[in-house]
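Read-outs: derived from the displayed coordinates by stated rules, not from any lab. Computed from a predicted structure; not experimentally measured. No Cβ is skipped: glycine too gets one built from the backbone with ideal geometry, and neighbour counts run over all protein chains shown.
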Amino acid sequence: MYDVVIIGSGIAGLTSAIYSARAGHKTIVIGGPTLGGQIINTLHVENYPGYKDISGFDLINNIASQVKELGVEIVSEEAKEITSDKKVITENNTYSFKSLIIATGLENRSLGLENEKKFLGMGVSVCATCDGNFFRGRDVAIVGGGNTALEDALYLANICNKVYLIHRRNTFTAEKYYVDKVYANSKIELCLSEEVKSINGEDSLQSITLTSGRELNIDGLFVAIGKVPNSKLYENLVETDNGYIVSNEKCTTSVPYIFVAGDCRKKSVRQLVTAASDGAVAALSASKYLEREK
């Protein structure tokens, strides 16, 4: 029996673990197959206090080391179910808890096109820093208009022959810093007011067709069109709004023993620092709950 079970090993989940352990609670982090969540795919983190520039991978590993030194277990298992009798079920184990912190973050939004899932890993990718090197010297395309898409386009331009940046609007939502760099990069061709109409190929990606009818012969397609909450695990358990968990400033939910931290929480700002803040608040709220229930 654990005092606190935390689902998710991103900034929010790991910060929760630090505060929970320091409060003297028996704590475990069910981190999923990959420690750290999606931040590990970010090459440069420049907006986290204390670091002028650090990779997401290094940042997460620094925090995870601190968590482990406090005696917290981190298991690389995926939570499959949360039961009403206070259990988290994974593929091979069942973890009983007194309180639960959900910090499952977000998952990549898909284009919803035929062949998209079929060609995942066969030309289609959601992670430029993970898979970009496979397309060194080749022509690729990336879809999106936010910071991630433009940052990925700049990264790919360093190693690929040509990068098509496809965005459904004629202006970007990304920060001006990235927009200026993209416009200045001769290896990036902008395809604005366009969308991907089809993903073409037999056994792997060969080309894509845009809504204008233009066909791009490419070897790699990177999808960076935003993220949605990982709500399947909890959607019938706590109150949600469009998949985001509804909570108050204390990170408490509609269920007294369940707390939420990070990007899966309904809020206006989603940054690493706010995820860390949520993690601390959720753990302290869980601690107060445990004290009341003694």
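Quick notes on this one:
- Förster-model FRET efficiency, 45 Å R0, residue 171 and residue 96, C-beta, rounded to 0.05: 0.30
- Per-residue Cβ neighbour counts within 10 Å put 7, 74 in the sequence 74, 7, beginning with the fewest.
- In plain terms, the residue of 4, 196 with the fewest other Cβ atoms within 10 Å comes first and the most crowded comes last, giving 196, 4.
- Working note: Debye formula, equal point scatterers on the alpha-carbon atoms of segment 48-191, no solvent; log10 I(q)/I(0) at q = 0.12, 0.17 Å⁻¹ is -0.74, -1.08.
- In this Cβ point-charge picture (+1 for Lys and Arg, -1 for Asp and Glu), segment 173-266 has a dipole of about 320 debye about its Cα centre.
- Counting only DSSP beta bridges whose two residues both lie in segment 124-223, roughly 30 percent are antiparallel.
- Orphan Cys of the chain, criterion: no other Cys C-beta under 4.7 Å: 160, 191, 251, 264
- Value of Rg to Rh for segment 124-223 (Rh from inverse mean 1/r over Cα pairs, i.e. Kirkwood): 0.93
- Rh (Kirkwood; distinct C-alpha pairs) - the chain, Å: 20.3 Å
- Per residue of the chain, the DSSP helices (runs of n ≥ 4 H) give a summed -39500 (n - 2.57) that works out to -7500 deg cm²/dmol at 222 nm.
- Positive-pole candidate from 143, 271, 174, dipole of segment 137-294, charges at beta carbon: 271
- The modelled label-to-label distance between residue 75 and residue 192, using points 7 Å beyond Cα along the C-beta direction, is 5.1 nm.
- Intensity falloff of segment 173-294 expressed as log10 I(q)/I(0), Debye formula with alpha-carbon point scatterers, at q = 0.13, 0.14 Å⁻¹: -0.76, -0.80
- Euclidean distance between Cα centres, segment 70-106 to segment 203-281, Å: 19 Å
- A simple charge model with +1 on the Cβ of Lys and Arg, -1 on the Cβ of Asp and Glu and nothing else charged puts the dipole of segment 187-231 at about 220 debye relative to its Cα centre.
- Axis angle, to the nearest 10 degrees, between helix 11-22 and the longest C-alpha principal axis of the chain: 20 degrees.
- Placing +1 on each Lys and Arg Cβ and -1 on each Asp and Glu Cβ, with no other charges, gives the chain a dipole about its Cα centre of roughly 620 debye.
- 3J(HN,Hα) along segment 122-127, derived from phi through the Karplus expression 6.51 cos²θ - 1.76 cosθ + 1.60 where θ = phi - 60°, amounts to 10, x, 9, 9, 10, 9 Hz, with x in place of Gly and Pro.
- Taking the DSSP beta bridges with both ends in segment 1-84, the antiparallel portion is around 10 percent.
- Peptides 98-110, 33-45 ranked from most to least packed give 98-110, 33-45, packing being the mean of other C-beta atoms within 10 angstrom over each peptide's residues.
- Subtracting the Cα-Cα distance of residue 294 and residue 110 from their residue separation scaled by 0.36 nm leaves 61.7 nm.
- Comparing Cα centroids, segment 151-188 and segment 12-52 end up 30 angstrom apart.
- FRET efficiency for residue 246 and residue 271, using Cβ-Cβ distance with R0 set to 22 Å, rounded to 0.05: 0.65
- Taken one residue at a time, the phi angles of segment 69-86 give Karplus couplings (6.51, -1.76, 1.60, θ = phi - 60°) of 5, 7, x, 7, 6, 10, 10, 8, 10, 9, 5, 9, 7, 10, 9, 6, 9, 6 Hz. Gly and Pro are set to x.
- Difference of contour (0.36 nm per residue) and Cα-Cα distance, residue 120 to residue 180: 18.5 nm
- With a simple spin-label model that places each label point 7 Å from the Cα along the Cα-to-Cβ direction, the separation between residue 85 and residue 235 comes to 2.6 nm.
- In segment 10-59, trypsin sites (Lys or Arg not before Pro) in a DSSP loop with at most 16 other beta-carbon atoms within 10 Å: 26, 52
- Based on the Stokes-Einstein relation at 20 °C and a viscosity of 1.002 mPa s, and on the Kirkwood radius from alpha carbon pairs, segment 170-243 is assigned a translational diffusion coefficient of 136 µm²/s.
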